[in-house]
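Asks: Before I ask anything, let me first share the structure, which is written out below as structure tokens.
Only the coordinates and a few stated rules stand behind these numbers; no lab work does. Being a predicted model, the structure only gives us computed values, none of them experimental. We place every Cβ from the backbone using ideal geometry, glycine too, and count neighbours over all the protein chains shown.
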């Protein structure tokens, strides 16, 4: 039997308590026999991960690999997945109790290629059910033209069949920003739910929390590469996302370096390459204000 959904958890030296909470948050949901599978990819942890497999309706699988980074670990999970849908869950995050049931109901009841939902940064059971669909009836291209994209790969469930040969690019720190727009271009139907179904845990030790000068430069160069890569696809549907990433790049340059010299250097580079000036649009207040300056 083909599972409805494959939960892919990528793990690299996270605490046992975080991982246990992550697994418990998936197991807490009501699944029919063989309706779901959990695939944990241990990306070369210093202490090899050992999982117990409780009696459950959920299939479990542990895959160990040499440390190769998040992109490769997710690709490993994709290759192993058998589910109709794929849902990524980071090992230090959780599905929100009850709220993810709304997502599962959508997966069971309709054939949308992508089902988006919202996240929270403080875990709470006080989460009102969605008041209907937001953006139902879109295809992925229409969504990219008309909506602001939250690119995090854990922020949506998607049909495995729409992937084709698309995979995460190894070596990137912001791999979701390149993967998600390409995935949405392949989606013929998309539903966005208002429910906050995912708990994103912020803590020290994550890739994006490091403030070391070397790591900061790597992050900024990473975003610049993704902007260039998205433009190389020569697809007008991606223009909104490219512009918003350009704003994100400029603002992170300032907030991470606090250097006017660095901001001027990188903005001049964007201008030479045609990313600036930015057209004035009301995508968001942040975008509008930045476009008036640059």
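Asks: Run the quick spin-label model on residue 30 and residue 218: label points 7 Å from Cα toward the beta carbon, then report their separation in nm to one decimal.
Replies: 4.5
Asks: (1) 59, 45, 39; (2) 52, 40, 33; (3) 62, 47, 34: which one is Cα extents along the principal axes in Å as calculated from this entry?
Replies: (1)
Asks: Right, something else. For n ≥ 4 DSSP H runs only, could you compute -39500 (n - 2.57) per run for the chain, divide by its residues and tell me the 222 nm figure to the nearest 500? Walk me through the numbers on the way to the answer.
Replies: Working: 9 runs with 113 residues, N = 294.
After summing the helix terms and dividing by the residues of the chain, the value is -12000 deg cm²/dmol.
Asks: Specify the angular offset, from 0 to 90 degrees and rounded to the nearest 10, of the alpha carbon long axis of helix 99-109 from the longest principal axis of the alpha carbons in the chain.
Replies: 80
Asks: Evaluate the distance, in nm, between pseudo-label points positioned 7 Å from the Cα of residue 211 and of residue 237 along their respective Cα→Cβ axes.
Replies: With each label point 7 Å from Cα toward Cβ, the separation is 4.1 nm.
Asks: A further question follows. If R₀ is 30 angstrom, what is the calculated FRET efficiency for the pair residue 121 and residue 283, using the beta carbon separation as r and rounding to 0.05? Display every interim value, and only then the final one.
Replies: On the way: r = 23 Å, r/R0 = 0.75.
Calculated transfer efficiency: 0.85.
Asks: What FRET efficiency, computed as 1/(1 + (r/R0)^6) with R0 = 35 Å and r the Cβ-Cβ distance, is obtained for residue 64 and residue 110, rounded to the nearest 0.05?
Replies: 0.45
Asks: Next question, about the same structure. By how many nm would the segment from residue 261 to residue 17 lengthen if fully extended, with 0.36 nm per residue of separation less the alpha-carbon distance? Working shown, then result.
Replies: Working: separation 244, 0.36 × 244 = 87.84 nm, distance 4.30 nm.
The residue 261-residue 17 span can extend by a further 83.5 nm.
Asks: Can you work out the FRET efficiency for the pair residue 46 and residue 163, with r the C-beta to C-beta distance and R0 = 22 Å, to the nearest 0.05?
Replies: With R0 = 22 Å, the Cβ-Cβ based efficiency is 0.10.
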